[in-house]
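The values are calculated or read from the model by the stated rules, or taken from the named source; none is laboratory data. Small disclaimer: the values here were computed from a predicted structure and weren't measured. Here the Cβ is made from the backbone with ideal geometry for all residues, glycine too, and neighbour counts use every protein chain on show.
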Amino acid sequence: MELAAILLAPAAVAACCLVVSRRTAAMLTVIGSAVVVFLALLAADRVLSEGSRAGLGGWLSCDPLGALVLLLVAFVGLMAALFSIGYLPRRHAAGGRVNGNYFSLYNLFLLSMLAVPILANIALVWIAVALTTLASAFLVAYEDTPEALEAAWKYVVLTTLGAVVALLGIVFLYWAMKLGGGGPFTWAGLRAAAPHLPPPVLWMGFLLVLVGFGTKAGLAPMHTWLPDAHSQAPAPICALLSGVETTTALYAVLRLFPVLETAGGVGARNWFLVFGLVSTGAAALLLVYVRDYKRMFAFSTVEHMGIVMVAIGLGDPAHFGAAYQILAHALAKSFCFFAAGAVVLVVGTQEIASVRGLIRVSPIAAAAVLLGGLTISGAPPFAVFMSEFAILKAGLGTAQYVAAGLLALFVVVAFCAMMQHVNHIVFGQAGPVQAVASLPATCVAALVLSAIPVLVLGVYLPSGLHRLLAAAAAALGGAP
Amino acid sequence: MTDPIASYILHLNAMAGGLFLLAAFAIVATRQMLSCVRWFVGQSLLLAASATAIGIGLHSWHLGAVAVITVFTKAIAMPWLLRRTVRRELYRRREISQVLNIPTSLLVAAALTLLAYAIVYPVTAMAAAPFVDINLSVGLAGLFLGAYTVAVRREAVSQLLGLLAMENGAFFAAVSIAPDLPFIAELTVAFDVPVTTLVIGLLTRRIHERVGGTSVGLLAALRER
Amino acid sequence: MEERILYNLLQVAVVMGFAPLAEGVLNRLKEIVQSKRGPSIFQPYRDIWKLLHKDEVVSEESTWLFRATPYVAFVAPVFVTLLIPVLTRYPLFFAFMGDMLGGGFVLALGGFFVALAAVDTGNPYGPMGASRTRMVGFLAEPVFIIVFFTVSFVAGSTIPYIVQTVWLSPFSNFFAPSHVLTMLAFFMLILAEDARIPVDSPSGHFELAMIDKSKGLEYSGRGAAIMKWAGAMKLFVLLCIFLNVLVTPWGLASTTALGDVLLAIPLVLLKIFLFLVALVVIESSLAKLRLFRITEFLSAAFVTSVVALTTSASGL
């Protein structure tokens, strides 16, 4: 029942936001997101105790992995809504279009992302993923500059292209299920029918879904839209896009892994490994050349999606690390983009070369960027480091030295590149750019609130969360 | 088991398949935006015809409903939405140049069709169901050709039509291999087309207002250098 | 046995006799579509008759090539007529003398001589038109070959009579995707080879824009008559190949009775008439392509034929 409510709340808020004033819309959004967070916690708790939840007569269902993603979407949604309240008016004072529909689009976007982990029928999951693109198109184009429009165009076209390819893949999977004897077309049903699915059809379906949804998740070499879209959108939207939208797309790909494992063969693992390593490597390399700090964080998203793929590809022992990585990345990445948004508000430019010595200009923004850069690039003792360490340990433990070694190399390169850029921004002589104003209170509040999990989860993982991660990892494993 | 399918149904479906492929090539190569849209509408009607033929052949009213929905969303709603959102851009545009010139484009498109046939061959050989061989091959070829159109065209409307042609291809394959997808899924997937058209149309209009043209392939400000 | 020789000669007579009629009908239809009255459908006959009785003026600079070309251009379609099904379904006496490729090459031989003759006189417009005709022909060759390969691949033979039976008997073959695409490619080829819109304007008078018409510029009197007749016969022959082998392989005589064969004549003429109506519709609704866009037109034809070939090769 709470699953249906999770979907109804943002829908209702979206409808209301069309008719009320801007401030009320902002308030409603925050309240609605808070309700969604509460419901998501409730759902996660029930999932942990009961194994899985169903809702709305079987059209909705949630298992531990879905609950994890749901929680992340809800939490980041709340934080970003809070950040938007202060961010948007300040950006408009600097020039830009006033668009009354921001919050209704925001809620639609949130709704579509919430729908992905809890819809039962796989075809409906596809629709939810396609809707995430369509709902966020105008959010990405919000700033209305030619660059923002170019980014929005590439975003919509390339992700829709991926979605259509994935559609054919899903049709293939449906066909495979029909040929294998039928059953409900859900993730659980697919996994149960796995031994009977004819291999050529299953493989074609998998590859099409991998390429299609991989485009949406930002895996290389289909990631070209990602740095553009995730840097030109307003900061709270970037947080949503990078933090959780790519995660929901990746979720759809990850769900196929147990099916292929059960169907037999190690081919699936190799595909995941290769795509993951290519993404991580490409991102690490591009991070050296990047010139815009929001693009830097966007490339970091590509890197982390790659790391999750590698973790899946390394096999069962690394799956806990994969789940942990998903959690850590979503929280840390959204925080990074809030920090970047704060810097944009203070300094007004997105170029790394123009920003120096931020710590003298605005301590809050500088501290946020520093913390964000450290966490997301994998510095100890933060959560991302812990998850990457767990993955590498699992990789070495299963004697996959090449993969683990390459992964370690790429992570180190990315760390060095990002820290160099962050260092340039935060420290050094204060540059010619003057501070515009202090940060709005809601932005600071959002920063602080989202910093808490980032700081804490590295050293202390609450037992409930630990159990959820373990259950999610089990859901990813090959054993039914 | 199923009774043997009337041969004229198989013939009609085969003819629809051949013309569908032709329409996909035309979408790659046409210069005028309007004729591109008309070829797309023609392609959608051929998809509906194939769905009807298969529906009659397999005695599934479900596919008949799919055909009706296809006609409504793709042949009626989509051009209407396009006219409403990008009217000026549509009626005045000719695409003078593509990334590759048209004869080369067509040759690459022919190679992609061959590739699609080659990929699908082991699957169709295994399946041996009545309509699958034509629909799956032509559908996958349509998918590849649509993706190629998006890659090689510079105009906004052409790229949109490439995307929708891809979806037509995916559907063309789907009507033969998954004729009984849950109805709600069919309905929502079909309505994805008008929604995509609306979003992309409005975005195109904004781009035209802001940038002054709709050659989106030439927008290349966001780079590392 | 004797009937076969007789019918073969009858075929030639039919082609020679009715080719100008086809051209006359086509011109009349085009004028009617443009809301004019148009010349009588027998006008080409009168033109040929008139030209045959006029004096010939031949340039001093030209060689034997110029004088011989009208006859070569005339004989080529006649020779091809011996090979293709015009009236009958079963092979006639000369049917195995050459196959479709051979027929195509014979037609090309005629075109080759015509192109050379255009260069022969020293008139500047001649070589200009000839080089353009060669460009179109050069681009159309691959389409010809691939179309013939496709139909031969499906039929297992390159003799037109045998190919025709493939589309005839399981009726399902008619709707196969490869067949539809082959028909389309061949149709585009006819438009190119016979200098119809959108490739060339057959009624244009402006020499700088002429592609195929320039071949007849220098001829007068008997030479002009024969060239005109040869052009009409080339169209007729191409139409016979297209209609009787690919599109509508019905209506041909299947027995050796004379009555059947004579009955086939009006049926063939009817088919050609229907095609001419379609051709007129297309000619009246398109504009002539710019010269460099002819490559796009022919590459579209080429790609269509290649896809037809691969579709039939992969067994669809």
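Taken as a whole, the structure places C:Val199 among residues that are touching a Lys or Arg at 6+ places or on another chain (Cβ under 8 Å), assigned to a loop (DSSP other than H, G, I, E, B) and over 19 Å from C:Val307 (Cα atoms). Here the condition is being facing chain B (nearest Cβ under 10 Å), touching a helix residue (DSSP H, G or I) at 6+ places or on another chain (Cβ under 7 Å) and either in a helix (DSSP H, G or I) or touching a residue at least 40 places away in the same chain (Cβ under 8 Å) (or both); of A:Leu167, A:Leu210, it holds for A:Leu167 alone.
Table: residues versus (1) within 30 Å of C:Asp120 (Cα to Cα); (2) over 14 Å from the mean Cα position of the chain (by Cα); (3) within 14 Å of another protein chain (Cβ to nearest Cβ); (4) surrounded by fewer than 20 Cβ atoms within 10 Å (Cβ to Cβ).
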residue: C:Val143; (1), (2), (3), (4): yes, yes, yes, no
residue: C:Thr150; (1), (2), (3), (4): no, yes, yes, no
residue: C:Ser157; (1), (2), (3), (4): no, yes, no, yes
residue: C:Tyr161; (1), (2), (3), (4): no, yes, no, no
residue: C:Asp212; (1), (2), (3), (4): yes, no, no, no
residue: C:Glu218; (1), (2), (3), (4): yes, yes, no, no
residue: C:Ala224; (1), (2), (3), (4): yes, yes, no, no
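Look at segment B:175-187: where a residue is more than 7 Å from chain A (Cβ to nearest Cβ) and a partner is acidic (Asp, Glu), sitting 6+ places away or on another chain with Cβ atoms under 9 Å, you get B:Ser176/B:Asp133. Within the option set C:Thr255, C:Thr248, being free of Cβ contacts under 8 Å to residues at least 40 places away in the same chain, over 30 Å from B:Ala129 (Cβ atoms), among the β-branched types (Val, Ile, Thr) and touching a helix residue (DSSP H, G or I) at 6+ places or on another chain (Cβ under 7 Å) holds for one residue only, C:Thr248. Quick one: would you say B:Arg154 is closer than 30 Å to A:Val288 by Cα and among the charged types (D, E, K, R)? It is false that B:Arg154 is closer than 30 Å to A:Val288 by Cα and among the charged types (D, E, K, R). Out of the residues in segment A:122-164 that are within 9 Å of chain B (Cβ to nearest Cβ) and among the hydroxyl-bearing types (Ser, Thr, Tyr), state the one that is nearest to A:Pro200 (Cα to Cα). That would be A:Thr160. For C:Thr182, the criteria (1) in contact with a Phe, Trp or Tyr (Cβ under 9 Å, 6 or more places away or on another chain); (2) within 13 Å of chain B (Cβ to nearest Cβ) hold in every case but one, which is (1).
Just one of the numbered conditions (1) surrounded by fewer than 17 Cβ atoms within 10 Å (Cβ to Cβ); (2) in contact (Cβ under 8 Å) with a residue 12 or more places away in the chain; (3) over 22 Å from A:His304 (Cβ atoms) is not true of A:Pro363: (2). Is one or more of the residues making up segment C:246-257 closer than 30 Å to C:Lys213 by Cβ, modelled with pLDDT of 85 or more and assigned to a helix (DSSP H, G or I)? No, there is no match, as no residue in segment C:246-257 is closer than 30 Å to C:Lys213 by Cβ, modelled with pLDDT of 85 or more and assigned to a helix (DSSP H, G or I).
Looking at the structure I just gave you, is C:Phe236 buried (at least 18 other Cβ atoms within 10 Å of the Cβ) and part of a helix (DSSP H, G or I)? Yes.
Which pairs do you get when a residue that is more than 14 Å from chain B (Cβ to nearest Cβ), found in segment A:177-198, comes within reach of a residue that is surrounded by fewer than 17 Cβ atoms within 10 Å (Cβ to Cβ) and not in a loop (DSSP other than H, G, I, E, B), reach meaning Cβ atoms under 9 angstrom, with the pair 6+ apart or on two chains? Pairs that qualify, where the first residue is more than 14 Å from chain B (Cβ to nearest Cβ) and the partner is surrounded by fewer than 17 Cβ atoms within 10 Å (Cβ to Cβ) and not in a loop (DSSP other than H, G, I, E, B), are A:Gly181/A:His196. Is one or more of the residues making up segment A:433-454 over 27 Å from A:Val30 (Cα atoms) and surrounded by 20 or more Cβ atoms within 10 Å (Cβ to Cβ)? Looking for residues that are over 27 Å from A:Val30 (Cα atoms) and surrounded by 20 or more Cβ atoms within 10 Å (Cβ to Cβ), one finds none in segment A:433-454, hence no. C:Phe79 meets each of the listed conditions (1) in contact (Cβ under 8 Å) with a residue 40 or more places away in the chain; (2) under 27 Å from C:Val163 (Cα atoms); (3) buried (at least 19 other Cβ atoms within 10 Å of the Cβ) apart from (1). If you go through segment A:1-32 and keep only what is of a type in the set (Gly, Ala, Ser), free of Cβ contacts under 8 Å to residues at least 24 places away in the same chain and closer than 23 Å to A:Leu119 by Cα, you end up with just A:Ala12.
Number of residues in segment B:210-221 that are facing chain A (nearest Cβ under 8 Å), farther than 17 Å from B:Gln159 by Cβ and assigned to a loop (DSSP other than H, G, I, E, B) equals 1.
Note on segment A:377-405: residues that are assigned to a helix (DSSP H, G or I), in contact with a Gly (Cβ under 7 Å, 6 or more places away or on another chain) and farther than 19 Å from A:Leu465 by Cβ amount to 3.
Taking the condition surrounded by fewer than 19 Cβ atoms within 10 Å (Cβ to Cβ) and in contact with a Pro (Cβ under 9 Å, 6 or more places away or on another chain), does C:Gln43 pass? Judged against the criteria, C:Gln43 is a match. Return a yes/no flag: does segment A:249-258 have any residue that is among the hydroxyl-bearing types (Ser, Thr, Tyr), touching a residue at least 60 places away in the same chain (Cβ under 8 Å) and not in a strand (DSSP E or B). Yes, the conditions are met somewhere in segment A:249-258.
Those helices (runs of 4 or more DSSP H) of segment A:273-375 in which at least 1 residues are within 30 Å of A:Ala44 (Cα to Cα) and under 13 Å from the mean Cα position of the chain (by Cα), considering only elements entirely within it, cover A:293-314, A:319-347. For segment C:18-59, the candidate set comprises residues that are of a type in the set (Gly, Ala, Ser) and outside any helix (DSSP H, G or I); within that set, the residue that is nearest to C:Gly204 (Cα to Cα) is C:Gly38. When you check B:Leu198 against the structure, is it modelled with pLDDT under 85 and more than 8 Å from chain A (Cβ to nearest Cβ), yes or no? No; evaluated as a whole, the condition is false for this residue. Annotation: of all residues in segment C:266-316 being in a helix (DSSP H, G or I) and of a type in the set (Lys, Arg), the one that is nearest to the other protein chains (Cβ to nearest Cβ) is C:Arg293. Quick check on my filter: what residues within segment C:259-293 are under 28 Å from B:Ala16 (Cα atoms), crowded, with 17+ Cβ neighbours inside 10 Å and in contact (Cβ under 8 Å) with a residue 60 or more places away in the chain? Matches in segment C:259-293: C:Ile272, C:Leu276, C:Leu279, C:Val280, C:Glu283. Does B:Ser105 satisfy being modelled with pLDDT under 90 and surrounded by fewer than 20 Cβ atoms within 10 Å (Cβ to Cβ)? Judged against the criteria, B:Ser105 is not a match.
The listed residues are B:Leu34, B:Leu22, B:Leu45, and the only one of them that is in a helix (DSSP H, G or I), of a type in the set (A, V, I, L, M, F, W, C) and within 12 Å of chain C (Cβ to nearest Cβ) turns out to be B:Leu22. For segment B:93-110, filtering for residues that are of a type in the set (A, V, I, L, M) and more than 9 Å from every other protein chain (Cβ to nearest Cβ) leaves 4.
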